[in-house]
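*Asks:* Okay, handing you the structure first.
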Amino acid sequence: MRRILLAGLCVALTMTVMASSPESKEKKWGVKLSGFVKTDMMVDTRQTVSAREGHFLLWPAAEKLDKNGKDINDKLNTNFLSLQSRLTVKITGPDAFGAKTSGVIEGDFFAQKNDNVNLFRMRHAFVKLNWEKSELMVGQYWNPLFITDCYPATISFNSGVPIVSFARNPQIRFTHKLGSFKLMGAAVTQRDHSSRGPEGVSSSYLRNAGVPDLHAQLHYGVTAANGVKLVTGVGMATKWIVPRLESNGYKVDEKVNGTSFIGFAKLTTKPLTFKVAASHGENLADVLNIGGFAVKEVKDAETGEQKYTPLTNTNMWTDIHTNGKKWQVGIFAGVTKNNGTKDKISATTNAVYGLGTDIKQLIRVSPRFFVNSGKMRFGVEWEHTVAKMVTSTKRDLNALPVDVKNITNNRFLASVYYFF
């Protein structure tokens, strides 16, 4: 027994010496677990277009008349869900390539589709190398069009979609600081959020293009002596997709290009935070904006090879809220406009692929209030959405719906959080 105790003491002393040595400090690892438990309780005044049993709201469902002329979708809907509950693991480790290293794995119970609601899914999974002025990130993270320095603080999980771009993507992102400026470039692919085309929702359209979605942004940030902070920036992105590889038994060469621009600003004072952003995009269905593409013309009658043109959209929004630690009042307001196709399509062409292409314009206003106590938060939000939606299948030569009607939904949302 004495030998066992002596051996154990020797091992303990050895481990203590190793842990206190400079070499062991270089190999030290850190793991931090955080997240929250959240339950959302929601009521909609009509049926909606949404994901995960109504949790992720996009817009009100279009009018659907029965044989008596009554709107079938004019029906109250309610649900309680805890899908957004989240786990985050942050990892730090030894330096590599002269840079500090870190990693994040984050998931929730939102799943990938309605059929497997409540299953755990990956949100983020990335590693970072941080030098004095540069950062390299590789893995799955927010799409660069979702500006993490400036996004709506809504209680609703949709964060302003479809007015705000929203997606998480595998990517390689490099950022370099130049004084108060920050340059960012990224190459992005698709996974959970993908383009839409003849085969439905799929990442194959981007993969078959052979070139990732490319992004570039310039940010500027400054803090005044009185503590007022300003962050502003501009960016652009370009994406090629391939709708089809073959048609009528022939190999075809088809592509659709989309170029998008974004600008934003965030001003933080002691009592209030002001945020504003605007964007103009082409073929942005993969980031849950109204958009996609349409068949412009048939290039070859025998093979069926086609030319395409992207749908364009314009988004503008603002978000203002107080900065109290115990309670906060805020409001989000925004508008998105479907501008139709970049080029006119032929009168005989009617093939349109995308998301929300039956909407001409959408406006949303959502005031909110939440209160914090310790690690708990209770929040309420009223989300008022009005969409100009189709009442017929007619489209003009820019693939815009001709006959539209205002369709309104009011969502009343209450949320309970417990952070850890």
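Every number in this text was worked out from the coordinates using simple rules, so none of it is lab data. In this text the structure is predicted, and so the values were computed from the model without any measurement. Methodologically, a virtual Cβ is constructed for each residue, glycine included, from the backbone with ideal geometry; neighbour enumeration extends over all protein chains shown.
*Asks:* Hey, rough spin-label estimate for Val37 and Asp66, points 7 angstrom out along Cα→Cβ, what's it come to in nanometres?
*Replies:* The answer from the label model is 4.2 nm.
*Asks:* Obtain the nm distance between the two label points defined at Val365 and Thr408 by a simple spin-label model: each point lies 7 Å from its Cα along the Cα-to-C-beta direction.
*Replies:* 1.0
*Asks:* I would also like to ask the following. Exposure proxy check: Arg86, Arg411, Arg395 ranked by fewest other beta carbons within 10 Å?
*Replies:* Arg86, Arg395, Arg411
*Asks:* Now for a separate question. Just how far, in whole angstrom, is the range 115-152 from the range 161-175 if you go by their alpha carbon centroids?
*Replies:* Spelled out, the Cα-based centre of one part sits 8 Å from the other.
*Asks:* Given a cut-off of under 8 Å on Cα pairs at least six residues apart, what relative contact order in percent is computed for the chain?
*Replies:* Numbers: 1122 pairs, mean separation 53.8, N = 420.
Computed over the chain, the figure is 13 percent.
*Asks:* Determine ³J(HN,Hα), in whole Hz, for all residues of the range 289-294 in sequence, where each value follows from phi through the Karplus function 6.51 cos²θ - 1.76 cosθ + 1.60 and θ = phi - 60°; x replaces Gly and Pro.
*Replies:* 8, 5, x, x, 7, 9
*Asks:* Decide, for the range 72-173, between rounded, prolate and oblate: order the square roots of the alpha carbon gyration tensor eigenvalues as a ≥ b ≥ c, take rounded if a/c falls under 1.5, and otherwise choose prolate if a/b is larger than b/c, else oblate. Walk me through the numbers on the way to the answer.
*Replies:* Working: a/c = 3.04, a/b = 1.98, b/c = 1.54.
Because a/c hits 1.5 or more and a/b exceeds b/c, the range 72-173 counts as prolate.
*Asks:* Sticking with this one: Order the peptides 317-326, 196-205 from the highest to the lowest mean number of other Cβ atoms within 10 Å of their residues.
*Replies:* So the order, starting with the most tightly packed, is 196-205, 317-326.
*Asks:* Which residues in the range 35-66 place their backbone N less than 15 Å from a point set 7 Å from the Cα of Phe420 along the Cα-to-Cβ direction?
*Replies:* Residues 35-39 fall inside that zone.
*Asks:* What is the ratio of the Cα radius of gyration of the range 116-195 to 2.2 N^0.38 Å, where N is its residue count, to two decimals?
*Replies:* Normalised Rg, Cα atoms only: 1.23.
*Asks:* Could you give me the percent of Cα pairs per 5 Å distance bin for the range 294-414, shortest bin first, beginning at zero and ending with the bin that holds the maximum distance?
*Replies:* 2, 10, 15, 15, 13, 10, 9, 8, 7, 5, 3, 2, 1, 0
*Asks:* Sticking with this structure for a sec: Quick check on my link table: of Lys64/Lys388; Lys229/Lys375; Lys182/Lys337, which ones sit more than 19 Å apart, alpha carbon to alpha carbon?
*Replies:* Lys229/Lys375; Lys182/Lys337
*Asks:* For the ranges 350-359, 126-135, what's the packing order if you count other beta-carbon atoms within 10 Å of each residue, average per peptide, and put the highest first?
*Replies:* Result, highest mean first: 350-359, 126-135.
*Asks:* Express the relative contact order of the range 129-187 as a whole percentage, based on alpha carbon pairs under 8 Å and six or more residues apart in sequence.
*Replies:* On the way: 79 pairs, mean separation 23.3, N = 59.
Dividing the mean separation by the residue count of the range 129-187 yields 40 percent.
*Asks:* Is the shape of the range 193-266 rounded, prolate or oblate, going by the alpha carbon gyration tensor and its root eigenvalues a ≥ b ≥ c, with a/c under 1.5 for rounded and a/b larger than b/c for prolate?
*Replies:* Taking the square roots of the gyration eigenvalues as a ≥ b ≥ c, the range 193-266 is prolate.
*Asks:* Convert each backbone phi in the range 147-157 into a coupling constant with the Karplus relation 6.51 cos²θ - 1.76 cosθ + 1.60 (shift: θ = phi - 60°), then list the ³J(HN,Hα) values in order as whole Hz, x for Gly and Pro.
*Replies:* 3J(HN,Hα) across the range 147-157, in whole Hz: 7, 5, 7, 7, 9, x, 9, 5, 6, 4, 5.
*Asks:* To the nearest 10 degrees, how steeply does helix 2-20 sit against the main Cα axis of the chain, on a 0 to 90 scale?
*Replies:* 60
*Asks:* Could you run the Karplus curve 6.51 cos²θ - 1.76 cosθ + 1.60 with θ = phi - 60° over the range 339-352 and give me ³J(HN,Hα) per residue in whole Hz, x for Gly and Pro?
*Replies:* So the Karplus estimates, Gly and Pro as x, are 8, x, 6, 5, 10, 5, 9, 6, 5, 8, 8, 9, 7, 10 Hz.
*Asks:* In nm, give the distance between the simple-model label positions of Thr88 and Asp149, each being 7 Å from the Cα along the Cα-to-Cβ direction.
*Replies:* The two pseudo-label positions are separated by 1.9 nm.
*Asks:* Separate question: In whole angstrom, and with the biggest value first, how far do the Cα coordinates of the range 160-237 range along each principal axis?
*Replies:* 55, 27, 16
*Asks:* My understanding is that a pair violates if its Cα-Cα distance is over 20 Å; which of Lys28/Lys90; Lys32/Lys275; Lys299/Lys360; Lys344/Lys394 do that in this structure?
*Replies:* Exceeds cut-off: Lys32/Lys275; Lys299/Lys360.
*Asks:* Compute the relative contact order of the range 91-248 as a whole-number percentage, counting only Cα pairs closer than 8 Å that sit 6 or more residues apart in sequence. Show your work: numbers first, answer last.
*Replies:* Details: 304 pairs, mean separation 21.9, N = 158.
Answer for the range 91-248 is 14 percent.
*Asks:* How much length would be gained if the chain were fully extended between Thr45 and Phe261, taking 0.36 nm per residue of separation minus their Cα-Cα distance, in nm to one decimal?
*Replies:* Fully extending the segment from Thr45 to Phe261 adds 74.3 nm.
*Asks:* Sticking with this structure for a sec: Return, ordered by residue number, the residues of the range 184-200 whose backbone nitrogen is under 18 Å from a label point located 7 Å along Cα→Cβ of Met236.
*Replies:* What the label zone holds, given the 18 Å backbone N cut-off, is 184-188.
*Asks:* Over the Cα atoms of the range 28-419, Rg to Rh with Kirkwood Rh, two decimal places?
*Replies:* 0.98
*Asks:* Within 10 Å of each residue's Cβ, count the other Cβ atoms and sort Tyr417, Tyr308, Tyr141, Tyr220 from fewest upward.
*Replies:* Going from sparsest to densest Cβ surroundings: Tyr220, Tyr417, Tyr141, Tyr308.
*Asks:* By count of other Cβ within 10 Å, fewest leading, how are Trp29, Trp327 ordered? Numbers along the way, then the final one.
*Replies:* Working: Trp29 8, Trp327 14.
Taking fewest neighbouring Cβ atoms as first place, the list is Trp29, Trp327.
*Asks:* Just round it to a whole percent: the fraction of Cα-Cα distances in the range 245-337 exceeding 16 Å. Don't jump to the answer; show the numbers that get you there.
*Replies:* Working: 2887 of 4278 pairs.
Taking all Cα-Cα pairs of the range 245-337, the fraction more than 16 Å apart is 67 percent.
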